[in-house]
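The structure appears right after this line, and notes come after that.
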Amino acid sequence: MNYLLLLLILLVLSVPIPTWAQQLLTWEDCVREASQNNPDFQAVEQEVRRGRFEVKANRSDFFPQLSLESSYNAGNVSSSIGTLGVEFNTRQEIEAGVALRQNIFEGLKTRAGYRRSMAQLGELKAGLLKTVSQISFELKSSFTELLYAQKRLVLTKAILKRREENYQLVQLRFEGGIENKGSLLRSEAQEKQAHFDIAETNRDLESTQTQLARFLGRSSPSTQKINVQGDFRAPTLLTRPVLEDIARQTPDYQERASRLKVTKQDVELAKGDLYPSVDASASVFRSRIVNRNDTTNWAAGVVLSYPLLLGGRDIYEVKSAKAANKRTEEELRSLELQITTELKESYEALKNSLERVGVQESFLKAARVRSEIARAQYANGLTTFFDWDAIENDLIQTEQTYLAVLRDALLAQAQWERAQGMGAW
């Protein structure tokens, strides 16, 4: 007996745990996984990394450049022999040494180039925050949709049970000669509708699982079986903030503000061509002519260069850079107005959604009380099937609407956070 019991335990333990049981995720689990695996985030993060290297590359222009140089030259030389004779020989020279160069002044272009790369890095960082905000919105939306599908499946099963009980009640009254066949057929059709609703909800559940797996960065998202757990209730609405202040803190605004800094440095770079360039250099070379002794040479100096005539190119480039900078200023001002408008719309939509939840909750309470009363009246023959059926359908519709309104409120909250540029990490 003990041996059989042991075999049974081993058999149970050997049965693999269903995949869905291993995929119960909280919101925190989803955020953690998306921050590590989402490909869109990883791509933009690498772009920021590239921008940091660009800053370091431009900073190197402030330092001197040291290089090793070598050369080999060969040529034909002639020398006179006696009074009329000329002798031709091949002259070979090998030269190697070290050269040091340092830019002293280049119309402030070096500084402008460095500041431009810093502004571009700021633009990339703002783009990273914008990407995180977008991913967070999509992640929270898919998380909410999956949680809604799970709640809807539970509700649909409860509705099926209720339809089955209603059908049995109508069937008993029909068999007793109290109810007509039309009412029986309608009750039977409603039961079939409940079976279809469960199948449809299961298919929707699989679609939302695939959507969530995609934003988590999982491979083969269509094969993922994910369940989530979390609060499915209306969020709390905070006091209305100053929208203009929030608008200036959003990643969209910061990205465009960094772009404005880039165009300002473009103006400085264009102006740099109007100034002279000063470079210092020093070098030490050791040269050797084949069949002769080695010699050591050194040189040092400063070079001043100034372009006198470029056909007006330098002047027009400055004007072009200023026009681009002015355009970016106006775009930033327009973007601030646009963001403020979107923030107001998102806030009002969230407020409407939350108030709608309260209204629908009152309808749900009333529908449940009416259903209990009507069910007792119909069982005792105090009301008609049509009146009772209308109240039952109203309850089911109200329950489904209340669930959808809760989902819409959570989605409105996600949209409000997205409008602010908020990210989950």
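The values are calculated or read from the model by the stated rules, or taken from the named source; none is laboratory data. Computed from a predicted model, the values in this text were never measured in an experiment. For neighbour counting, all protein chains shown are included, and Cβ atoms are generated from backbone atoms with ideal geometry for every residue, glycine included.
Conditions tested, residue by residue: (1) more than 15 Å from LEU403 (Cβ to Cβ); (2) outside any helix (DSSP H, G or I).
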site	(1), (2)
GLU345	yes, no
GLU348	yes, no
SER353	no, no
VAL359	no, no
ALA366	yes, no
VAL369	yes, no
ILE373	yes, no
THR383	yes, yes
PHE386	yes, no
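The condition (being acidic (Asp, Glu), modelled with pLDDT of 85 or more, surrounded by 15 or more Cβ atoms within 10 Å (Cβ to Cβ) and out of contact with any strand residue (DSSP E or B) (no Cβ under 9 Å at 6 or more places or on another chain)) is satisfied by just one residue among GLU33, GLU54, GLU28: GLU54. Applying a threshold of 7 Å to beta carbon distances and a minimum spacing of six or more residues, or different chains, the list of pairs starting in segment 30-55 at a residue that is within 10 Å of LEU124 (Cβ to Cβ) and ending at one that is among the charged types (D, E, K, R) reads VAL48/LYS125. In the condition set (1) polar (S, T, N, Q); (2) assigned to a loop (DSSP other than H, G, I, E, B); (3) touching a Leu at 6+ places or on another chain (Cβ under 6 Å), THR208 is compliant with all but (2).
Checked against (1) part of a helix (DSSP H, G or I); (2) modelled with pLDDT under 95; (3) touching a Gly at 6+ places or on another chain (Cβ under 8 Å), ARG214 passes all but condition (3). Condition check: of a type in the set (D, E, K, R), in a loop (DSSP other than H, G, I, E, B) and exposed (fewer than 14 other Cβ atoms within 10 Å of the Cβ). Does ARG240 satisfy that? Answer is yes for this residue. Could you check segment 395-412 and list, in sequence order, the residues that are out of contact with any Ser or Thr (no Cβ under 8 Å at 6 or more places or on another chain) and either within 19 Å of ALA194 (Cβ to Cβ) or of a type in the set (S, T, N, Q) (or both)? Residues satisfying the conditions are ILE396, GLN397, THR398, GLU399, GLN400, THR401, TYR402, LEU403, ALA404. One residue alone among ALA379, ALA300, ALA282, ALA324 is farther than 25 Å from ARG259 by Cα, hydrophobic (A, V, I, L, M, F, W, C) and assigned by TED's automatic domain parsing to the domain that holds LEU410, and that residue is ALA379. For segment 201-221, the count of residues that are exposed (fewer than 15 other Cβ atoms within 10 Å of the Cβ) and in contact (Cβ under 8 Å) with a residue 24 or more places away in the chain is nonzero. If you go through segment 138-148 and keep only what is surrounded by fewer than 22 Cβ atoms within 10 Å (Cβ to Cβ) and either hydrophobic (A, V, I, L, M, F, W, C) or under 12 Å from the mean Cα position of the chain (by Cα) (or both), you end up with just GLU138.
If only one of LEU184, LEU169, LEU160, LEU153 is closer than 24 Å to ALA376 by Cβ, in contact (Cβ under 8 Å) with a residue 40 or more places away in the chain and surrounded by 12 or more Cβ atoms within 10 Å (Cβ to Cβ), which one is it?
Numbers: LEU184 fails: in contact (Cβ under 8 Å) with a residue 40 or more places away in the chain; LEU160 fails: in contact (Cβ under 8 Å) with a residue 40 or more places away in the chain; LEU153 fails: closer than 24 Å to ALA376 by Cβ.
After ruling out the rest, the residue left standing is LEU169.
When you look at SER320, is it hydroxyl-bearing (Ser, Thr, Tyr) and touching a helix residue (DSSP H, G or I) at 6+ places or on another chain (Cβ under 7 Å), yes or no?
Details: hydroxyl-bearing (Ser, Thr, Tyr): yes; touching a helix residue (DSSP H, G or I) at 6+ places or on another chain (Cβ under 7 Å): no.
No; evaluated as a whole, the condition is false for this residue.
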